[in-house]
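Colleague: Provided herewith is a single structure, encoded as structure tokens, for subsequent inquiry.
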Amino acid sequence: MDTFINFFNAAVLAGAPLLFGTMGEILTEKSGNLNLGVEGMMFMGALSGLVSVFLLEMGLAIDLAPWLAVCVAIAFSFIAGALGALIYSVLVVTLRTQQNVTGLALTMFGIGVGNFLGEFFGRRSPVGFLTVSARAREGFRQLRIPLLSEIPIIGEMFFNYNVLVYLGILIAIVLAIFFKFTRVGLNLRAVGENPAAADAASIPVARYKYLATCIGGGICGIGGMYIIMVTTSGIWVHNAVQGFGWISVALVIFATWSPARAVFGSLLFGALTVTRFYLPLGIPMQIYDTLPYIATILVLIFTSIRPIKEHAAPAGLGLNYFREDR
């Protein structure tokens, strides 16, 4: 039982950044924008979250309190991801560029800027690489919830994680309620399904697309920050995001654009990421490393072979809307 609990905990921690990336992309695609720049926005969020805490500690010459480091990292990673998505929105919504090409360009831009500035600030760090203080890192460590974490088995499985895991689950719950039970959420879904009809009903299509895409990009940015602050323990690692953005895009399809199913999908893919530590089969480690990507390919194949109408993508996904074309 202890082995299973440890495996479950590791799967949750490994799947958390995927949950942020998937939630952000679901929100974006519900507006009809297909943003393939998730990887780039996660890089931008990772860099901004780490650098913001690093520069604040350097400027004030103090070690930030754990709670303050968490708040600063979340805020700046969200802003960085949202700014990346804003660039995408201006090009796609206003200038009506091709969405796939624009998203790929955003990915290359985010990866390049993230790696360059990560190394740049690292060379100017007193320790020779970009990192934050041990006190700041404490805010991203295990958070034991009083009483609940002491429940046998259940407490260890569900109430024994860092604050970002709970934030990701909260975002999933909020988005599920938002899409299904709020007027704004229903309007957003209408924009993604049929922007011309939504426009005829006096719904501001461009505004909805901008807001959904930018907020979605901000959520993706938090996912990148999670990788740096939790997975690599607050130390900048070259190419740290390592394809998690692309897996998140595939997870949107796996989850059929449902926030609730995205939680399960993130847990599943997180489990595949840590399988090598709990299921030794005597095969090379490189084979284990490919499991999440093999699963991604299989997901895309099976969802293409047997499409289900109620699980289909928004009808207007990937199509630019121009009012005069109606």
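The values are calculated or read from the model by the stated rules, or taken from the named source; none is laboratory data. These figures come from a predicted structure and were not determined experimentally. Neighbour counts are summed over all protein chains in view; Cβ atoms, including those assigned to glycine, are modelled from backbone coordinates with ideal geometry. Keep in mind that these areas ignore ligands, DNA and RNA; they rest on the heavy atoms of the full protein, side chains included. Shrake-Rupley method; radii C 1.70, N 1.55, O 1.52, S 1.80 Å.
Colleague: How many residues are part of a helix (DSSP H, G or I) and either of a type in the set (K, R) or touching a strand residue (DSSP E or B) at 6+ places or on another chain (Cβ under 8 Å) (or both) when one looks only at the range 52-101?
Modeller: Summing the residues that are part of a helix (DSSP H, G or I) and either of a type in the set (K, R) or touching a strand residue (DSSP E or B) at 6+ places or on another chain (Cβ under 8 Å) (or both) in the range 52-101 gives 1.
Colleague: So if I check each of Y210, Y226, which one is in contact (Cβ under 8 Å) with a residue 60 or more places away in the chain, surrounded by fewer than 24 Cβ atoms within 10 Å (Cβ to Cβ) and in contact with a helix residue (DSSP H, G or I) (Cβ under 6 Å, 6 or more places away or on another chain)?
Modeller: Only one candidate passes the filter, namely Y210.
Colleague: Another question about this same structure. With the requirement that a residue be farther than 24 Å from G40 by Cβ, more than 15 Å from the chain's Cα centre (by Cα) and either of a type in the set (A, V, I, L, M) or at pLDDT 95 or above (or both), what does the range 261-286 give you?
Modeller: Correct list: L268, A271, V274, L279, L281, I283, M285.
Colleague: Quick one: I62 ticks every box in (1) modelled with pLDDT of 95 or more; (2) open to solvent by 30 Å² or more (accessible area, probe 1.4 Å); (3) over 26 Å from F116 (Cβ atoms) except a single one, so which number is it?
Modeller: Single failed check for I62: (1).
Colleague: Since R261 meets every condition but one in (1) open to solvent by less than 30 Å² (accessible area, probe 1.4 Å); (2) on the phi < 0 side of the Ramachandran plot, which condition does it not meet?
Modeller: The failed condition is (1).
Colleague: Now for a separate question. If V241 passes every condition in (1) of a type in the set (A, V, I, L, M, F, W, C); (2) farther than 23 Å from R323 by Cβ; (3) not in a loop (DSSP other than H, G, I, E, B) but one, which one does it miss?
Modeller: (3)
Colleague: Scanning for something surrounded by 13 or more Cβ atoms within 10 Å (Cβ to Cβ), part of a helix (DSSP H, G or I) and within 25 Å of the chain's Cα centre (by Cα), does the range 147-154 turn up at least one residue?
Modeller: The answer is no; no qualifying residue exists.
Colleague: Based on what the data block shows, is L13 open to solvent by 10 Å² or more (accessible area, probe 1.4 Å) and closer than 18 Å to L83 by Cα?
Modeller: no
Colleague: Also, quick follow-up: Among the listed residues M229, M225, which satisfies the condition of being under 23 Å from the mean Cα position of the chain (by Cα) and within 18 Å of F109 (Cα to Cα)?
Modeller: Exactly one residue qualifies, and that residue is M225.
Colleague: How about the range 247-258: which of its residues are in contact with a helix residue (DSSP H, G or I) (Cβ under 6 Å, 6 or more places away or on another chain) and either part of a helix (DSSP H, G or I) or polar (S, T, N, Q) (or both)?
Modeller: I247, S248, V249, A250, L251, V252, I253, F254, T256
Colleague: Now for a separate question. What are the residues in the range 24-54 that are within 23 Å of Q142 (Cα to Cα) and within 12 Å of the chain's Cα centre (by Cα), if any?
Modeller: M42, G45, A46
Colleague: Let me ask you something else. Is it the case that some residue within the range 78-99 is at pLDDT below 95, aromatic (F, W, Y) and closer than 26 Å to G37 by Cβ?
Modeller: No.
Colleague: Related question: Quick test for you: out of V51, V72, pick the one residue that is under 16 Å from I228 (Cα atoms), in contact with a Ser or Thr (Cβ under 6 Å, 6 or more places away or on another chain) and open to solvent by less than 30 Å² (accessible area, probe 1.4 Å).
Modeller: Result of the check over V51, V72: V72.
Colleague: Which numbered condition trips up L251, out of (1) over 16 Å from L19 (Cβ atoms); (2) at pLDDT below 95?
Modeller: Single failed check for L251: (1).
Colleague: Would you please name the residue that is farthest from A313 (Cα to Cα), looking only at residues in the range 164-206 that are open to solvent by 40 Å² or more (accessible area, probe 1.4 Å) and outside any helix (DSSP H, G or I)?
Modeller: The residue in question is S202.
Colleague: Just one of the numbered conditions (1) out of contact with any Lys or Arg (no Cβ under 6 Å at 6 or more places or on another chain); (2) in contact (Cβ under 8 Å) with a residue 60 or more places away in the chain; (3) not charged (D, E, K, R) is not true of S31; which one?
Modeller: Only one criterion is unmet by S31, namely (1).
Colleague: If you don't mind, there's one more thing I want to ask. Is it the case, given these coordinates, that T102 is under 12 Å from N33 (Cα atoms), of a type in the set (V, I, T) and open to solvent by 20 Å² or more (accessible area, probe 1.4 Å)?
Modeller: It is false that T102 is under 12 Å from N33 (Cα atoms), of a type in the set (V, I, T) and open to solvent by 20 Å² or more (accessible area, probe 1.4 Å).
Colleague: Please state which of the following conditions S266 fails to meet, knowing it meets all the rest: (1) crowded, with 19+ Cβ neighbours inside 10 Å; (2) among the hydroxyl-bearing types (S, T, Y); (3) not in a helix (DSSP H, G or I).
Modeller: (3) is the only condition that S266 fails.
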